[in-house]
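Okay, so here's the structure we're looking at.
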Amino acid sequence: MLIEVTNLKKTYQLGDIEVPAVRGIDMSIEKNEYLAIMGPSGSGKSTLMNIIGCLDVPTEGSYILDSKDVSKLNDDELAEIRNRKIGFVFQTFNLLPRADALHNVELPLIYSGLPRAKRKEMAEAALDKVGLGDRMHHKPNELSGGERQRVAIARALVNNPAIILADEPTGNLDSNTGEEIMEIFEQIHAGGNTIILITHEEYIANHSNRVVRLLDGLIQSDENKQ
Amino acid sequence: MFDRFSLLGEYFVMAWMALKSHKMRSALTTLGILIGVTTIITIFTTIQGMNEYVIGELSNIGSSTVYVEKWPWVIRGDFWRYRNRKEVTYKEYEALAKYSKTADYISPAVWALRTVKYKNEVYERVPVLGTNEQYKDTDNVAPADGRFLTEMDVYRNHKVCVLGDEVAKNLFKDESPIGKRVKVGSDKYRVIGVNEKQGQVFGQSMDNYVLVPYGTFRRVMSGHRGMRISMTVSDVSKLEDMKDEIRGIMRKERKIRPEEEDDFAINQQDQLTQLYRDLTGTLFAIIFVIGGISLLVGGIGITNIMLVSVTERTKEIGIRKAIGARRRNILSQFIIESIAIASIGGIIGIILGYFGGSIVLSQMELNTGVSLSVIMVGFGFSSFVGVAAGFYPAWKAAKMNPIDSLHFE
C-alpha cells in the first residue's frame, strides 16, 4: 500500500471559532493507481490534497506514505518528503518566472543535492518526455499555457516521485490543450506512476480509474471504474 | 548525503538572477555600501602608504642612538614645565664621555647658520655643525670622497670641514672639492671630505650641512644655542642600560636632588614612531566610525529592499518549499542574495577606494602599494554587512508557510 489514511481530521482555528475542514477520512491508495478526488468548494478536497502532498499535517489521525508515518513530521522533514516522494502540478503552473524551463525542472534536484551534470541530464530527459526537448531555454513568459503546464509536469516527474499530485491541472487551459495535458498524464500513468488528480470537472475525472467524492469533509463515494 | 558546495553555487546563481531582474533597484541599494567601502578603503590605503613612508624615514634615525637635549622631541601635557630648562653643556658632554661605560660612540653637536662660499658660488643659510670624529658613527654618515674628521682634527682644532652632499654639489658642480678652500662665515676651511648622500626625511634634505671640529666651531662661530649630545650603543639590548647610565651621570652633574625631576631629555627615534602611531591610531578610529555609519545606513537600505523582495517573492518561496526547499535552503538563498548586493558595492568600493587612496598619495608624492589587507578589509566589511542586513528578511522568508505563500498573489 502506497498511501494509508486513517481517521484523518483537520480543523482550522479562525479566532475563537473552530472550522472543521476534514472530519474523518479513511482511504488507501495503491501504487500505480490513477485516482481523482472530486467535490465542490468547501468539501475539504484542498485540505486533503495539502495533507496528502505533505504541505500540511492533520490535526488528528494518521497518514502513512510509503510505509512511513508522515503525520507528525516537522517543516524540514516534510520538505524532504515532498522533495523525494511528491511531484506537484498546480492549476496556475507555479513556475519561477525568471528561470528558464530547464532550470525550473532542475529545481527539485537542486534541493536533493544532486551534482550539476546529473541534474541537467535528468531535467533534459524529463522535458523530452513531455515533448519540450526543443524549448528548454525558454522562460515561462515565452511559453504557451499548455507548454508551461508541461514544464510543470516535467518538474513533478524529474525526481521520480511516489505520487504525482495534480490540483486542477487543466483549470487554466482551453479544452484542447487540457486534453493534451490529460494525455500526458495517461502516458505517465502507463509508465507506472501513481497519479492523484484533484478536480471538479467530470470529464477530467473520467480519465482516472477511481473517483473519490468528498462532501463536507467526509467521503461521499469511492468508486472504482475497473 | 548532500552536497553543500554545489548548492552554494546555486545560491549565487539564484542571487544573480534576482539582482539582474531588478537592476536599478540593486544598483541603488548597493550604492550605500559602495560609498562606505570607498571611504574606508581610500583612507586605509592612504594611511598605509604614509605608514610605509614614515616608518621608513624614521628608521633613518638610528634606533640604537639616543640624543641628550634640553627638550624632549614630543611634549605631552604641560609645556610650561619645560620652560626654564638649562642648555646641555660641553662640560656635561665631557662627563658623559668620561663616565659612560656602555656607550660605544659619543659626539657633541652645536650648530649655527652660515653662508658658504667657493669662488663665485654662494650658498646661504647652511647649517654648520661643530662636532667630533665619532659623529660618523653616532649619526650614521660616511665619507663618499676624501675622509671624515679625525681625532687629531678635533684635538688640534684644525680649520677643516666635511661637506654634505648637497652643499658639495652646489658649490663645486663637477669639480672635486677635496683639498679646496671654502669660506664658511668669515673664515676659510679646507675641505677634507664629502659625505654620502642621505636623501630626504619628510621632505627635508639631510645633505645640507657643513661639519667642522667642535673646538674650531667654538672659537670662531657665535650665536649658537644649545648642544645636542649623540650617544650610540652597538648592542641594542643595552640601550636601556645606557639611558639609565646617562640619566645618572646627568643628574649627578647637574646636582639634581632625588625628589626632583630630570631637567634634560634623552630623546630616541621610538618617541617619534610612537607619536606617529598615536596620530594614525586616532585617524583610524575616526574612519571606522565614519565608515561604520555609512555601512550601517547602507545595511539598513539592504534590509529594507530585502524585506520588499521577500514579500514580492512570497509565491516563489512557496513554490520552492513545495518542491522540497528546507528552511535553511531559503535562509541561505536570501542571505547570499543580500551578501551579493553588499559585495558588489564592496568590490567596486575597493577599486574606487584604491584609486582614491592612490590619488591622495600621489598628491603627497608617495607610492601606493597593493595590499591584501586592504582587499580583506573591504571584503570583510561588505560581507559582514550583507549577512547582518539580510538575516532578518531571510529568516522571515524561511519560516513562511508553504500553503499560504503558494496562494499569495
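All of B:Arg218, B:Arg125, B:Arg190 fail the test of being at positive phi, touching a strand residue (DSSP E or B) at 6+ places or on another chain (Cβ under 8 Å) and either in a strand (DSSP E or B) or surrounded by fewer than 22 Cβ atoms within 10 Å (Cβ to Cβ) (or both), apart from B:Arg125.
Looking across segment B:111-122 at every residue that is touching a strand residue (DSSP E or B) at 6+ places or on another chain (Cβ under 6 Å) and of a type in the set (Val, Ile, Thr), the one that is farthest from B:Pro177 (Cα to Cα) is identified as B:Thr115. The residues in segment A:184-199 that are surrounded by fewer than 16 Cβ atoms within 10 Å (Cβ to Cβ) and in a loop (DSSP other than H, G, I, E, B) can be counted, and the count is 2. In this structure, does A:Lys31 turn out to be more than 14 Å from every other protein chain (Cβ to nearest Cβ), touching a Ser or Thr at 6+ places or on another chain (Cβ under 6 Å) and surrounded by fewer than 21 Cβ atoms within 10 Å (Cβ to Cβ)? Taking the combined requirement at face value, the residue satisfies it. For segment B:221-256, a residue qualifies if it is among the small types (Gly, Ala, Ser) and part of a helix (DSSP H, G or I), and the qualifying residues are B:Ser237, B:Gly248. Could you grab me the full set of residues in segment A:60-110 that are farther than 22 Å from B:Lys399 by Cα, without any contact (Cβ under 8 Å) to a residue 24 or more places away in the chain and of a type in the set (Lys, Arg)? Within segment A:60-110, A:Lys68 is the sole residue that qualifies. Taken together, the residues in segment A:128-149 that are more than 20 Å from A:Arg84 (Cβ to Cβ) and either within 13 Å of chain B (Cβ to nearest Cβ) or not in a loop (DSSP other than H, G, I, E, B) (or both) amount to 10. Residues that are free of Cβ contacts under 8 Å to residues at least 40 places away in the same chain and more than 14 Å from chain A (Cβ to nearest Cβ) within segment B:315-355 comprise B:Ile347, B:Ile351, B:Phe355, listed in sequence order.
If you go through segment B:271-326 and keep only what is under 23 Å from B:Leu8 (Cβ atoms) and of a type in the set (Asp, Glu), you end up with just B:Glu316. A single entry from A:Ser175, A:Ser208 fulfils the requirement of being farther than 18 Å from A:Phe88 by Cβ, among the small types (Gly, Ala, Ser) and either touching a residue at least 40 places away in the same chain (Cβ under 8 Å) or open to solvent by 10 Å² or more (accessible area, probe 1.4 Å) (or both): A:Ser175. Taken residue by residue, segment B:59-77 has no member that is surrounded by 15 or more Cβ atoms within 10 Å (Cβ to Cβ) and within 14 Å of chain A (Cβ to nearest Cβ). Taken over segment A:46-84, the residue count meeting the criterion of being assigned to a loop (DSSP other than H, G, I, E, B), away from chain B (no Cβ under 13 Å) and among the acidic types (Asp, Glu) is 1.
Could you say whether any residue in segment B:303-310 is buried (at least 21 other Cβ atoms within 10 Å of the Cβ), touching a residue at least 24 places away in the same chain (Cβ under 8 Å), within 14 Å of another protein chain (Cβ to nearest Cβ) and closer than 22 Å to B:Met24 by Cβ? Among the residues of segment B:303-310, at least one is buried (at least 21 other Cβ atoms within 10 Å of the Cβ), touching a residue at least 24 places away in the same chain (Cβ under 8 Å), within 14 Å of another protein chain (Cβ to nearest Cβ) and closer than 22 Å to B:Met24 by Cβ, which makes the answer yes. Considering B:Val191, B:Val210, B:Val201, B:Val220, the condition of being closer than 27 Å to B:Asp153 by Cβ and touching an Asp or Glu at 6+ places or on another chain (Cβ under 9 Å) is satisfied by B:Val220 alone.
Only one of the listed residues (B:Ile106, B:Ile75) is in a strand (DSSP E or B) and in the same structural domain as B:Asp235 (by TED's automatic domain parsing). That residue is B:Ile106. Within segment B:22-38, is even one residue at positive phi and more than 14 Å from chain A (Cβ to nearest Cβ)? Taking every residue of segment B:22-38 in turn, none turns out to be at positive phi and more than 14 Å from chain A (Cβ to nearest Cβ).
When residues of segment A:85-111 are filtered for being at the interface with another protein chain (Cβ under 7 Å from one of its Cβ atoms) and among the hydroxyl-bearing types (Ser, Thr, Tyr), how many remain? Counting residues in segment A:85-111 that are at the interface with another protein chain (Cβ under 7 Å from one of its Cβ atoms) and among the hydroxyl-bearing types (Ser, Thr, Tyr) gives 1. The listed residues are B:Tyr189, B:Tyr123, and the only one of them that is touching a Cys at 6+ places or on another chain (Cβ under 9 Å), assigned by TED's automatic domain parsing to the domain that holds B:Thr89 and of a type outside the set (S, T, N, Q) turns out to be B:Tyr189. Starting from residues that are surrounded by 24 or more Cβ atoms within 10 Å (Cβ to Cβ) and either free of Cβ contacts under 8 Å to residues at least 24 places away in the same chain or small (Gly, Ala, Ser) (or both), keep the ones in segment B:377-391 and report whichever is farthest from B:Gly301 (Cα to Cα). Restricting to residues being surrounded by 24 or more Cβ atoms within 10 Å (Cβ to Cβ) and either free of Cβ contacts under 8 Å to residues at least 24 places away in the same chain or small (Gly, Ala, Ser) (or both), the top hit is B:Gly378.
Is it the case that segment A:125-140 has a residue that's of a type in the set (Gly, Ala, Ser), crowded, with 17+ Cβ neighbours inside 10 Å, closer than 26 Å to B:His22 by Cβ and in contact (Cβ under 8 Å) with a residue 24 or more places away in the chain?
There is no residue in segment A:125-140 that is of a type in the set (Gly, Ala, Ser), crowded, with 17+ Cβ neighbours inside 10 Å, closer than 26 Å to B:His22 by Cβ and in contact (Cβ under 8 Å) with a residue 24 or more places away in the chain.
Considered as a group, the residues in segment B:1-43 that are at pLDDT 85 or above and of a type in the set (Phe, Trp, Tyr) include one that is least open to solvent (accessible area, probe 1.4 Å), and that residue is B:Tyr11. Filtered by the rule that a residue be touching a Ser or Thr at 6+ places or on another chain (Cβ under 9 Å) and surrounded by 21 or more Cβ atoms within 10 Å (Cβ to Cβ), segment A:46-64 gives A:Ile51, A:Pro58, A:Tyr63.
The values are calculated or read from the model by the stated rules, or taken from the named source; none is laboratory data. These numbers were taken from a predicted model, which means no experiment stands behind them. For neighbour counting, all protein chains shown are included, and Cβ atoms are generated from backbone atoms with ideal geometry for every residue, glycine included. Ligands, DNA and RNA are stripped out before the accessible areas are found, and what is left, the full protein with its side chains, is counted by its heavy atoms. Shrake-Rupley method; radii C 1.70, N 1.55, O 1.52, S 1.80 Å.
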